[in-house]
Amino acid sequence: MVLIVKSEVILSVYIISFLIGLPANLFALYAFSVKIYSKPLPVDILLLNLTVSDLLFLIILPLKMHEAASDMTWTLPYFLCSITSLTFFSTIYTSSLLLMAVSVVRYISVAFPITYHQLRKPVYAIVISAVIWIFSSAHCSITIIIQELPSLANKNSSVCYENFTETQLKVLLPVRLELFFVLCLVPLLICVYCYLSCIWILYSRPRISQVQKQKAIGMALGTLAVFLICVVPYNVSHVVGFIEGDSPKWRYYTLLLSTFNTCIDPIIFYFSSSAFQCRSTKFILRRKRPTATGLQMQYTNSS
């Protein structure tokens, strides 16, 4: 009975996330593609990658729906389990790292506008995005190692990436703990520092409008909401699992919160518009470099 209720809840969350997240992210993909084509800015490139990450997550979500509809047993070809697990978990961490990168770019644009102007070439954002994709995928490759490596694979299991053996847990639990610190805690702390600093700087500049200040707060709160609601609970299960020596029974329910990430991210897209970055930077440049007329004109034209 518990398994049936669990499967029904999981399936419902997957369906809701898919129906809301897919059209929202497809629209975001189109919007950012148009913006980058006309004026490629670092934040827009990072947010485009964030959209692609969410879409990859949504593409494999029907396979997870099939799993939930089958009472959490994996009846599909087993190689699809490895592909699904890698995509499912790596996109969660790719999103958190990309949100961290966006916060850093925001902070540099507000705190060091002249430096940002010199470093805002699209190639830098492309390289950062590529590093993030490789970094998160490499870390989450443990999902394939656990299931495919002959010495670790549990060939008697009828579920996908669940019910681990003691041998698997000895490898998996320390890796999960490392994921908590490197791919969750560090990005969260960086985001908190960057956005609090941005808010402090913007509120200390009287020439920046109240609307832009409120937009900055909304962007910060939205980003932190993604971490606190969608990322942190699942990663806390890594710490609890390492301490207890087993995967917590409630771990899968925290993964459902991560699924809602695809629905919340479009809100972040709204508060992360390039117009805010250009305008806030323009005001700060006028205050710091009143004689830099040429540089001011470039920012005025870009906004």
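The values are calculated or read from the model by the stated rules, or taken from the named source; none is laboratory data. As the structure is a computational prediction, the values presented were derived from the model and not from experiment. We place every Cβ from the backbone using ideal geometry, glycine too, and count neighbours over all the protein chains shown.
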*Given the conditions (1) closer than 25 Å to residue 64 by Cα; (2) surrounded by 15 or more Cβ atoms within 10 Å (Cβ to Cβ), which single one is not true for residue 228?*
(2)
*asked:* Condition first: in a helix (DSSP H, G or I), touching a residue at least 60 places away in the same chain (Cβ under 8 Å), hydroxyl-bearing (Ser, Thr, Tyr) and in contact with a Phe, Trp or Tyr (Cβ under 7 Å, 6 or more places away or on another chain). Can you find one or more residues in the stretch 88-103 that meet it?
replied: yes
*Restricting the first residue to the stretch 190-202 and requiring it to be touching a residue at least 24 places away in the same chain (Cβ under 8 Å), which pairs with a second residue that is surrounded by 17 or more Cβ atoms within 10 Å (Cβ to Cβ) and outside any helix (DSSP H, G or I) meet a Cβ separation below 7 Å and a spacing of at least six or different chains?*
202/208
*Mind checking which pairs have a first residue in the stretch 21-42 that is in contact (Cβ under 8 Å) with a residue 40 or more places away in the chain and of a type in the set (Asp, Glu) and a second that is surrounded by 15 or more Cβ atoms within 10 Å (Cβ to Cβ) and part of a helix (DSSP H, G or I), Cβ under 9 Å, 6 or more apart or different chains?*
none
_Of all residues in the stretch 193-225 being charged (D, E, K, R) and part of a helix (DSSP H, G or I), the one that is surrounded by the most Cβ atoms within 10 Å (Cβ to Cβ)_ = 215
_Number of the condition not met by residue 45 [criteria: (1) touching a Cys at 6+ places or on another chain (Cβ under 7 Å); (2) among the β-branched types (Val, Ile, Thr); (3) crowded, with 20+ Cβ neighbours inside 10 Å]_ = (1)
_Hits in the stretch 121-144 - residues which are buried (at least 18 other Cβ atoms within 10 Å of the Cβ) and either among the aliphatic types (A, V, I, L, M) or not in a helix (DSSP H, G or I) (or both)_ = 125, 128, 132, 142
*Have a look at 47, 97, 149 and point out the one that is over 30 Å from residue 199 (Cβ atoms) and either among the aliphatic types (A, V, I, L, M) or modelled with pLDDT under 95 (or both).*
149
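Conditions tested, residue by residue: (1) in contact with a strand residue (DSSP E or B) (Cβ under 9 Å, 6 or more places away or on another chain); (2) at pLDDT 50 or above; (3) closer than 20 Å to residue 14 by Cβ; (4) part of a helix (DSSP H, G or I).
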{"residue": "236", "(1), (2), (3), (4)": "no, yes, no, yes"}
{"residue": "239", "(1), (2), (3), (4)": "no, yes, no, yes"}
{"residue": "242", "(1), (2), (3), (4)": "no, yes, no, yes"}
{"residue": "254", "(1), (2), (3), (4)": "no, yes, yes, yes"}
{"residue": "263", "(1), (2), (3), (4)": "no, yes, yes, yes"}
{"residue": "269", "(1), (2), (3), (4)": "no, yes, no, yes"}
{"residue": "282", "(1), (2), (3), (4)": "no, no, no, yes"}
{"residue": "286", "(1), (2), (3), (4)": "no, no, no, yes"}
{"residue": "298", "(1), (2), (3), (4)": "no, no, no, yes"}
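One line per residue, one yes/no per condition, for (1) assigned to a helix (DSSP H, G or I); (2) among the basic types (Lys, Arg); (3) within 26 Å of residue 160 (Cβ to Cβ):
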{"site": "16", "(1), (2), (3)": "yes, no, yes"}
{"site": "28", "(1), (2), (3)": "yes, no, no"}
{"site": "33", "(1), (2), (3)": "yes, no, no"}
{"site": "40", "(1), (2), (3)": "no, no, no"}
{"site": "44", "(1), (2), (3)": "yes, no, no"}
{"site": "56", "(1), (2), (3)": "yes, no, yes"}
_I'm told residue 187 meets every condition in (1) surrounded by fewer than 18 Cβ atoms within 10 Å (Cβ to Cβ); (2) within 19 Å of residue 105 (Cα to Cα) except one. Can you identify the failing condition by its number?_
(1)
